[in-house]
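These notes concern the structure reproduced below.
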Ligand SMILES: Nc1ncnc2c1ncn2[C@@H]1O[C@H](COP(=O)(O)OP(=O)(O)OP(=O)(O)O)[C@@H](O)[C@H]1O
């Protein structure tokens, strides 16, 4: 947080006047309060980066005000002014959390020096904050991009090419393909590392609020604007702004966005001052913007401005080779998040996952794995642990659904048996499956053994032998 907004509270008008003039000259935005009470109410409605408070004021005294401010606005730096330089005053002020202390009459240079020091400290603490976030980002599971398939290799190549420049990137791809993940990767691999990454979803915010969210507003700009507010552009200054679902941005706002991108300056709603901004834009959409341009729903000039470098993310069903590594990654992440013990995915389940079409892309896969990890009693996930996918399978995939069903039944039955006492479990289980299977097909073919053998894919003689050993009543089919 850089220092921009300063409150000066002193009951002496001349001090207020001198400080206000000097600070405004330096480019700060300055508000003035005559006493402690007024100062507190201004704090509550405006909030400040720095406050210069007289220690003795009518109403609330400076030190009490300091305590209150510390409690309510711990981020604000407070400089206390006092007429007498007693050690007690200085110690009290510093002990109560003042940032610094000035004795009147003071030289304006002394205040300048304090502000400069505070400014630097704020910048350093800002950078530390961002670096901390980055470290968390980089080391948290959430930010790794998984997948080495050919289409992803292409994505990585472009990512590497654009990361170190400031070019605008348009990321396209179906919902859940990882567009935001890529946007973050661009930022965290750029020189803007250490500066903010700010994301805004243009589709999730009602159109009448979107402008305000992007560009901020001044106090009183509209009914209910009781406070000044920095927009996303300002928040992202020096860093990257991720405009998600850009295709949903209303046309009027597209014009304003284009101007901001061209002029690199913004004006808060209800404000008159323009502010220079230095923001890298990464936009994303799951719509076909070229089509929107043709339909006149998206400005062509803005499209070209955003689409300097396009990155198109493949749908998950176009990179099924990545499914095993994604599954492994999400299994590990779910285990960590849910605090469950290590779980693996069986070959059969993996093949089921590979056959699914994944309309919700990586997000859907992530959710499916999470649910299975949470609900499955097994250490190895079986197809039956993905009931939603089983019921979606059709045709040749039905065997998978059957397998899931059998697995569940078998597990239940075996749980009730004393396995030590059985000497031919394998044979016994196979018989139990063979018998109903042959029976069902015999019923369907009305006892036609030739057809039944064909459907089962076994030799007629083998079928005959099985009917005999399993004592199946051919006529009744049971
Ligand atoms: N390649 C990947 N490796 C690891 N996780 C991924 C990958 N792609 C996507 N994810 C995960 O899938 C989820 C969805 O990704 P993300 O939000 O980036 O998708 P999106 O394309 O921006 O979606 P939407 O269009 O719906 O906003 C996130 O939890 C993300 O971490």
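Here, each number is a calculation from the coordinates, and none is a lab measurement. No experiment lies behind these values; they were computed from the predicted model shown. Neighbour counts are summed over all protein chains in view; Cβ atoms, including those assigned to glycine, are modelled from backbone coordinates with ideal geometry.
The table for this structure:
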read-out	value
Simple spin-label estimate for residue 68 and residue 424 in nanometres, 7 Å along Cα-Cβ	9.1
Cα-derived Rg over Rh, computed across the chain with Rh taken as Kirkwood radius	1.20
Residue 148-residue 83 pseudo-label distance in nm [points 7 Å out on the Cα-to-Cβ vector]	7.6
0 to 90° range, to nearest 10: angle between helix 36-46 axis and the chain longest Cα axis	40
For segment 140-314, share of DSSP beta bridges that run antiparallel, in % to the nearest 5	20
Relative contact order (%) - criterion: Cα under 8 Å, at least six apart; region: segment 45-128	25
Relative contact order of the chain, pairs being alpha-carbon contacts under 8 Å that are 6 or more residues apart, as %	10
Segment 192-255 and segment 362-378: distance between their alpha carbon centers, rounded to Å	35
Theoretical FRET efficiency, 1/(1+(r/R0)^6), r = Cβ-Cβ of residue 209 and residue 371, R0 30 Å, to 0.05	0.35
R0 of 22 Å, Cβ-Cβ distance residue 468-residue 432: FRET efficiency to nearest 0.05	0.80
FRET efficiency for residue 288 and residue 56, using Cβ-Cβ distance with R0 set to 60 Å, rounded to 0.05	0.35
Ranked list, fewest to most other Cβ atoms within 10 Å of each Cβ, for 268, 228, 464	464, 228, 268
Ranked list, fewest to most other Cβ atoms within 10 Å of each Cβ, for 304, 48, 156, 99	304, 156, 99, 48
Rounded tilt (10° steps) of 361-375 against the dominant C-alpha axis of the chain	70
Spin-label pair residue 336/residue 37, simplified geometry with 7 Å Cα→Cβ offset, distance in nm	5.5
Gap separating the Cα centres of segment 318-332 and segment 41-94, nearest whole Å	56
Segment 140-314, relative contact order [Cα under 8 Å, separation at least 6], %	33
Per-residue [θ]222 nm for the chain (sum of -39500 (n - 2.57) over DSSP H runs n ≥ 4, rounded to 500)	-15500 deg cm²/dmol
For the chain, share of DSSP beta bridges that run antiparallel, in % to the nearest 5	10
Difference of contour (0.36 nm per residue) and Cα-Cα distance, residue 450 to residue 96	117.9 nm
With Cα atoms, 0 to 90° folded angle of helix 108-139 axis to the chain main axis	0
Added length on full extension, which subtracts the Cα-Cα distance from 0.36 nm per residue, residue 410 to residue 109	99.9 nm
Residue exposure sequence - 158, 469 - by fewest surrounding Cβ within 10 Å	469, 158
